[in-house]
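Working notes, structure below.
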Amino acid sequence: MNPMNKEDMIKENTEQRKVQVENLLRVNGLEGIKPEDAVKMAFPKAFEDLSPSAKRGYLNTEQFFNAYNFTTTGEFAYQHVAWRSLFVPTEIMYAMGLLPFTTEMVASQLAMTGSARERIETAEAHNFSGDLCSFMKAVAGGVIENIFPTPDILITSTHLCDPSAKYAELASHHYKRPEFILDIPYDLYDMSVRGTEKDLKRVEEGVEYVYQQLHEMIAFVTEHTGLTLEDEKLRQVIQWTNEARTWLNEGNDLALHERTTAKKGVRELDYAANLMQTWGTERAVDVYKSRFKEYKASIAPKSEGTEPRIVWFHLRPYFKTPLMTYLDERIDISGSQVNWAYWEPLDPADPIRAIARRTALHPAFSSVTTRTTIAIDEIPDDTDGIIAYYPKSCRHFHGGSIMENETFKKAGIPILTIDGDCIDDRGEDFPIVKTRVDRFLKSIKKNPRNTTK
């Protein structure tokens, strides 16, 4: 796709986004409401007065409306928007002045506001398969209904989520905007674990391959937007990511090993830290630092709390359902798979290569055997079990759930796999899921986990 005249693109995007934000507010029942007022309705308090989980939600909502060229004070501010799939690194984007717009996160917001089902049905009415990932169907319906901000560019990756790159190709054609695809080699994390000389050589070759692509991505951004990468800004962004990572891990360790009176539950799952688009922002540091302080200030005595301590795998249902409230009253979610900061601190002296290494060596982009081995090694002895909530349309995670279950059972770790959906509520059957949850909780109470080595 030939580069569009940048001034013409900005003008076209500006006019389209005015219409698109009105469409978005209309489908959410907010017709006639200004974007800045919609933010205030959702978050009436100032950012610094919010709880840690609310800060995370505010930051996402703020960026969401920023992508339509609106600030939270109602002022116009043009944003160079890059649509990204979930596992594309954000630090380079922020250092170049790009605003990430993460389509999978948008789908979860649609589900939370009760407006995902109609978008999914729109997609299916336009020949999208019924068993396709509901995250992708929700945003595909949004594209068809013209409720999302026209991007300047699109950047996607090939790992973990196969439909995301195909969906981005559709969006690229729809908006007539260029797409860049990061090709991530499979099995690099497995090789790093095996650690043979041959494996480690291939790992370094894979990291170099991604490193070169990131430089190509930077050139692509400059070609199509005129934005350039500033080394000093990138160093600052890397510092913020490293600080946020430190506070995230401090909070994770505390939650995993201590009971707290601060109710974690759904709020803990909503951080979904290693999926967030806010890595590389100063406010992300505030979010995870506040979370740690909240947990540390509410550590409960060892004698308090009888709820089973559960590690949660994957995401949660984002649509309205009694399931999460029911679980909140019966379990202590002590850890979450998607809150694990799996990477080492990024090297500010060689930031592009550090980002390439983190992107290429994603532990979820590995074999079921490797993923389960990591969990077995990391889960403390006082954890009572695992609940894995897997969307049936997710081939990567749901497809390996039987093998996963067998491995955990052999290791003496009880696991309940819930076959559900994160976005599409049409197949929700709470009474059946409740029955399975009750049986699982009774079984781990009757037959406690044997941690004898």
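May I ask you to list the residues in the range 186-206 that are within 15 Å of S366 (Cβ to Cβ) and either of a type in the set (A, V, I, L, M) or in a helix (DSSP H, G or I) (or both)? First the steps, then the outcome.
Step one: of the range 186-206, the residues within 15 Å of S366 (Cβ to Cβ) are 186-195, 199, 202-203, 206.
Selection gives L188, Y189, D190, M191, S192, V193, R194, D199, R202, V203, G206.
Exactly one condition in (1) buried (at least 19 other Cβ atoms within 10 Å of the Cβ); (2) aliphatic (A, V, I, L, M); (3) at pLDDT below 95 is false for I413; which is it?
For I413, the failing item is (3).
Pairs only if they're at least six apart or on different chains, beta carbon under 6 angstrom, first in the range 413-441 and under 25 Å from A375 (Cβ atoms) and part of a helix (DSSP H, G or I), second at pLDDT 95 or above and small (G, A, S); list them, first residue then second.
none
Looking only at the range 386-403, which residues are modelled with pLDDT of 95 or more and more than 18 Å from the chain's Cα centre (by Cα)?
Hits for the range 386-403 are I386, I387.
With respect to the numbered conditions (1) touching a Gly at 6+ places or on another chain (Cβ under 9 Å); (2) surrounded by 18 or more Cβ atoms within 10 Å (Cβ to Cβ), which one is the sole condition not fulfilled by P185?
So P185 meets the others, but not (2).
Only one of these conditions is not met by N13: (1) buried (at least 18 other Cβ atoms within 10 Å of the Cβ); (2) part of a loop (DSSP other than H, G, I, E, B). Which number is it?
All conditions are met except number (2).
Quick one: how many residues across the range 321-371 are assigned to a loop (DSSP other than H, G, I, E, B) and under 15 Å from G265 (Cα atoms)?
Taking the range 321-371 and keeping what is assigned to a loop (DSSP other than H, G, I, E, B), we get 321-322, 329-331, 340-350, 361-367.
Narrowing the set further to residues that are under 15 Å from G265 (Cα atoms) leaves 321-322, 329-331.
Result for the range 321-371: 5.
Where in the range 54-125 are there helices (runs of 4 or more DSSP H), lying fully within it, with 2 or more residues that are closer than 20 Å to E230 by Cβ?
Counting at least 2 such residues, we get 91-96.
Which residue is surrounded by the most Cβ atoms within 10 Å (Cβ to Cβ), if the candidates are limited to the range 217-231 and must be hydrophobic (A, V, I, L, M, F, W, C) and assigned to a helix (DSSP H, G or I)? Talk me through it step by step, then tell me what you get.
Filtering the range 217-231 down to residues hydrophobic (A, V, I, L, M, F, W, C) leaves 217-221, 227, 229.
Still in the running and assigned to a helix (DSSP H, G or I): 217-221.
Details: M217: 23, I218: 18, A219: 12, F220: 17, V221: 25.
Only one residue tops the list, namely V221.
Which of (1) over 24 Å from the mean Cα position of the chain (by Cα); (2) at pLDDT 95 or above; (3) of a type in the set (D, E, K, R) is the odd one out, the single condition R194 does not satisfy?
(2)
If you take the residues in the range 369-406 that are of a type in the set (D, E) and crowded, with 19+ Cβ neighbours inside 10 Å, which one is nearest to S336 (Cα to Cα)? Talk me through it step by step, then tell me what you get.
First, the residues of the range 369-406 that are of a type in the set (D, E): 377-378, 381-382, 384, 404, 406.
Then keep just the ones that are crowded, with 19+ Cβ neighbours inside 10 Å; that gives 384, 404.
Details: D384: 14, E404: 16 Å.
Ranking the candidates gives D384 first.
Restricting the first residue to the range 384-396 and requiring it to be in a strand (DSSP E or B), which pairs with a second residue that is of a type in the set (S, T, Y) and surrounded by fewer than 22 Cβ atoms within 10 Å (Cβ to Cβ) meet a Cβ separation below 7 Å and a spacing of at least six or different chains?
If the second residue must be of a type in the set (S, T, Y) and surrounded by fewer than 22 Cβ atoms within 10 Å (Cβ to Cβ), the pairs left are A388/S401; A388/T417; Y390/S401; Y390/T417.
The values are calculated or read from the model by the stated rules, or taken from the named source; none is laboratory data. If you're wondering where the values come from, they're calculated on a predicted model, not measured in any experiment. Every residue, glycine as well, gets a Cβ built from its backbone with ideal geometry; the counts of neighbours run over all protein chains shown.
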